[in-house]
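The structure follows.
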Amino acid sequence: MLLPALRAIAYGELTAERQRELADALELERRPRTEGLGKEQSVAHRSSVDEATGSRLVVDLAHTGKAGWAFALFFEGKRPSEATVAEYRALFRGVIDRFGLRLVEVEPPATADEVYAPAEEPSDQPEGGIGVSWELPYRELDQAWMHLGLRRDAPREVKAVKLRALMRTPVWQAAPEPLRSQAEEFLRDL
């Protein structure tokens, strides 16, 4: 079973010729992946073996929506080393830049620019947060990282982007005081 190790989402229009050049730049076979999650959007892939772990690796390029692109590294067996993931992160980011695509997010993120941060939208909630309640089980910042899709050891700058996004939501006004204070302190210490 293929499991995701790294995924980069980018946006931009590419002609059919540029799509072929993109697949070639990643050394992909121009045929879709036939296994695993998201195989329906796959346009090109390649398999290899991770020398560090002996696990099977699959690099995939998928077309998502009108002009969306997903670059993914999957593995079967032992999870790839941090060095292997970093190598593919650099490869994906380099190709995204080279082909003039706009990076939307990388999962897991390593830097702040790899975090998807939705645009701020005006809230139709009253200032006092009336009608908004905190129904999440955590009351401490260390417990919140998992809810935000992050490991506790995620880079601080990545945590800051995710935390600021949470703090812009109407429900933040109803968050427990210890959590709000810890969040403000965390951001102040950056």
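The values are calculated or read from the model by the stated rules, or taken from the named source; none is laboratory data. Quick caveat: nothing in here was measured; it's all calculated off a predicted structure. All Cβ positions, even for glycine, are placed from backbone atoms using ideal geometry, and neighbour counts span all protein chains on display. SASA here: full protein model, heavy atoms, side chains in, ligands and nucleic acids out. Shrake-Rupley method; radii C 1.70, N 1.55, O 1.52, S 1.80 Å.
Could you sort L190, L148, L6, L37 by their accessible area in this structure, using a 1.4 Å probe and putting the largest first?
L37, L190, L148, L6
Under 21 Å from the Cα of K66, which lysines turn up, not counting those fewer than eight places away in the same chain?
Qualifying lysines at Cα under 21 Å: K39.
Could you provide, to the nearest whole Å², the per residue accessible area of region 1-148 with probe 1.4 Å? Write out the running numbers ahead of the final one.
On the way: 8600 Å² over 148 residues.
Per residue, region 1-148 has 58 Å² of solvent-accessible surface.
Provide the packing ranking of 75-85, 156-166, i.e. peptides ordered by the mean count of other C-beta atoms within 10 Å per residue, highest first.
Going by the mean number of other Cβ atoms within 10 Å, highest first, we get 156-166, 75-85.
Find the relative contact order for the chain and round it to a whole percent, using C-alpha pairs within less than 8 Å whose residues are 6+ positions apart.
20
Right, another one. Placing +1 on the Cβ of each Lys and Arg and -1 on the Cβ of each Asp and Glu in the chain, which of V115, P170, I9 has its Cα farthest towards the positive end of the resulting dipole?
Checked the options; the winner is I9.
Considering the chain as a Gaussian network with a 10 Å cut-off on Cα pairs, which listed residue, W69, W145, W134, attains the greatest mean-square fluctuation?
W134
Could I ask something else about it? Would you please classify the overall shape of the chain from the alpha carbon gyration tensor, given that a ≥ b ≥ c denote the square roots of the eigenvalues, rounded means a/c under 1.5, and beyond that prolate means a/b larger than b/c while oblate covers the rest?
prolate
Let me ask something else. Name the residue, out of A154, A52, A86, whose mean-square fluctuation peaks in a Gaussian network model built on the chain with Cα pairs under 10 Å.
For the chain, modelled as a Gaussian network with Cα springs under 10 Å, the answer is A52.
Sticking with this one: Would you work out what percent of the accessible area of the chain, with all protein chains in place, is carbon or sulfur (probe 1.4 Å)?
51
At 0.36 nm per residue, and after removing the present C-alpha to C-alpha distance, how many nm does the segment from L148 to D97 gain when stretched out fully?
Answer, rounded to one decimal: 15.6 nm.
Taking only Cα atoms, what is the 0 to 90° angle, nearest 10, from helix 177-188's long axis to the longest principal axis of the chain?
60
Place a point 7 Å from Cα of R31 in the direction of its Cβ. Which residues in region 37-63 have their backbone N less than 14 Å from it?
Only 43-47 pass the distance filter.
Between T111 and L187, what's the calculated FRET efficiency when r is the beta-carbon distance and R0 is 22 Å? Round to 0.05. Intermediate results must be reported in sequence, preceding the final value.
Details: r = 17 Å, r/R0 = 0.77.
Result of the calculation: an efficiency of 0.85.
In the Gaussian network model of the chain, springs joining C-alpha atoms below 10 Å, which of E87, E17, E177 carries the largest mean-square fluctuation?
E17
Still on this model: Taking H as built 1.01 Å from N, whose amide H comes closer than 5 Å to the amide H of A117, not counting residues under 5 places away?
Amide H neighbours of A117, under 5 Å, 5+ apart: none.
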